[in-house]
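The values are calculated or read from the model by the stated rules, or taken from the named source; none is laboratory data. Being a predicted model, the structure only gives us computed values, none of them experimental. Glycine gets a Cβ as well: all are built from the backbone with ideal geometry, and neighbour counts include every protein chain shown. Keep in mind that these areas ignore ligands, DNA and RNA; they rest on the heavy atoms of the full protein, side chains included. Shrake-Rupley method; radii C 1.70, N 1.55, O 1.52, S 1.80 Å.
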Amino acid sequence: MKEAGVTGLWVSHPANVRALTGFTSPEDGKVLVTADGATLYTDARYTVQAREESGVPQFIARPPETFQHAAEGVRGQRVGFEADSLTVAGLEDLKEHWPDAELVPLRGLIQGLRQIKTADEIAAIRAAQDLADQVFSEVRPLIVAGARELDIALEIETRLRKAGAGSAFGVIVASGPRGAMPHGHASARVIEDGELVTVDMGAKLNGYNSDMTRTVAVGQPSDEMKRIYNAVLEAEEAAIKAVKPGVRAADLDKIARDILTGHGLGEAFVHSLGHGVGLEVHEGPGLRGTSDDVLAAGMVITIEPGAYLPDVGGVRIEDLLLVTEDGHDVLSHSPKEAI
Ligand SMILES: CSCC[C@H](N)C(=O)N1CCC[C@H]1C(=O)O
């Protein structure tokens, strides 16, 4: 906060509220941080839960009482707010109720801190990924000609739910030509013999996410799709090998992109190499060409190059990695099949 030039901070982004307080219903919580300490604001539906989950002092109220109570603490202060997530209406509320505070837009302050995970967070992400690996191994035999994409997704979601988790995001099952859609959420399409099927899935367990993609073959795919698969695998393995503290995220992206470009697939790699994972599926660091982020021990990241050819199909292979002091630890263990 000192570096950001503020004396107070209004935290409204749910993952940041959770990170600061441990409160597991952060969409119904806000945090005010000042020199005097922090206060968790939530409403009476959560009186017991907040007391059980958070060591941060709490004030139970609904707006506008929330703002009126906080007004006391922000009088005469420079109060940062989260410009990347506070709504216009939310900012209007702050202006109305805190006329004596100077409101300062900030971007990514808490998100920056969240990039380095604690030992407990790493354990939680590992557990989420272990579950995802287990579920993928159970569902892999169901990915056959004649199966519908959405039945595979449903099977994944059901197994995650039965294990006490949830799906980190809508399961992506993109078969045949739908493989050209990086976010091809499962449809009613029936998988055909000779197709590649991209499955991108994550578990959300105790608030923490995992993220992994495997592209599998049903029968014998065409030589062209095999070539693309092996190019993506080569790019993925090279990028993984380079993961260690001090490496620039942009340089990692370039390693994978250069390999795909060498295979004539540079244009087909239409997204960034990866991203951080934690309380959110997509968080910092950003592994893209324009990123200034530098890897550090304790970050959890994905490496997920892909190649997408409209009307033909696509391939993505993604692993989840922990950056360690001396390199990295691959947290996802589902086999990458030879195609
Ligand atoms: C809808 S969440 C998607 C999770 C996935 N693993 C992922 O992060 N991506 C798939 C395509 C690229 C990358 C993304 O930037 O969304």
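Restricting L233, L252, L265 to those that are in contact with a helix residue (DSSP H, G or I) (Cβ under 6 Å, 6 or more places away or on another chain), part of a helix (DSSP H, G or I) and of a type outside the set (S, T, Y) reduces the list to L252.
The set of residues from the range 286-295 being surrounded by fewer than 24 Cβ atoms within 10 Å (Cβ to Cβ), within 18 Å of the chain's Cα centre (by Cα) and either within 15 Å of the ligand (Cβ to nearest atom) or of a type in the set (D, E, K, R) (or both) comprises G286, R288, S291, D293. Among residues of the range 321-339 that are without any contact (Cβ under 8 Å) to a residue 24 or more places away in the chain, those with a beta-carbon under 7 Å from a residue that is crowded, with 17+ Cβ neighbours inside 10 Å at least six positions away or on a different chain give the pairs D329/L321; D329/L322.
Scan the range 66-73 and tell me whether some residue there is β-branched (V, I, T) and farther than 23 Å from E280 by Cβ. Yes. Within the range 191-215, being away from the ligand (no atom under 15 Å from the Cβ), small (G, A, S) and within 25 Å of I122 (Cβ to Cβ) holds for one residue alone: G207.
Residue selection: A124 satisfies the criterion of being in the same structural domain as G207 (by TED's automatic domain parsing) and within 19 Å of S25 (Cβ to Cβ).
Of all the listed residues (Q49, Q68, Q77), the sole one being touching a residue at least 12 places away in the same chain (Cβ under 8 Å), in contact with a strand residue (DSSP E or B) (Cβ under 9 Å, 6 or more places away or on another chain), open to solvent by 10 Å² or more (accessible area, probe 1.4 Å) and within 23 Å of H97 (Cα to Cα) is Q77. Test A239 against the stated conditions and say whether it is over 18 Å from E318 (Cβ atoms) and either surrounded by 22 or more Cβ atoms within 10 Å (Cβ to Cβ) or under 19 Å from the mean Cα position of the chain (by Cα) (or both). When the stated conditions are applied, A239 does not pass them. Listed by first and then second residue, the pairs linking a residue in the range 200-216 that is in the same structural domain as R316 (by TED's automatic domain parsing) and closer than 16 Å to K117 by Cα to a residue that is open to solvent by 10 Å² or more (accessible area, probe 1.4 Å) and aromatic (F, W, Y), with Cβ atoms under 6 Å apart and 6 or more places separating them unless they lie on different chains, form an empty list. Just one of the numbered conditions (1) within 23 Å of L233 (Cα to Cα); (2) open to solvent by 20 Å² or more (accessible area, probe 1.4 Å); (3) hydroxyl-bearing (S, T, Y); (4) outside any helix (DSSP H, G or I) is not true of S187: (1). Considering the range 296-316, and only residues there that are assigned to a loop (DSSP other than H, G, I, E, B) and surrounded by 24 or more Cβ atoms within 10 Å (Cβ to Cβ), the residue that is farthest from the ligand (Cβ to nearest atom) turns out to be M299.
Being more than 14 Å from the ligand (Cβ to nearest atom), hydrophobic (A, V, I, L, M, F, W, C) and without any contact (Cβ under 8 Å) to a residue 24 or more places away in the chain: is that true of A242 here? Judged against the criteria, A242 is a match.
None of E157, E149 is surrounded by 16 or more Cβ atoms within 10 Å (Cβ to Cβ), within 16 Å of the ligand (Cβ to nearest atom) and more than 18 Å from S210 (Cβ to Cβ) except E149.
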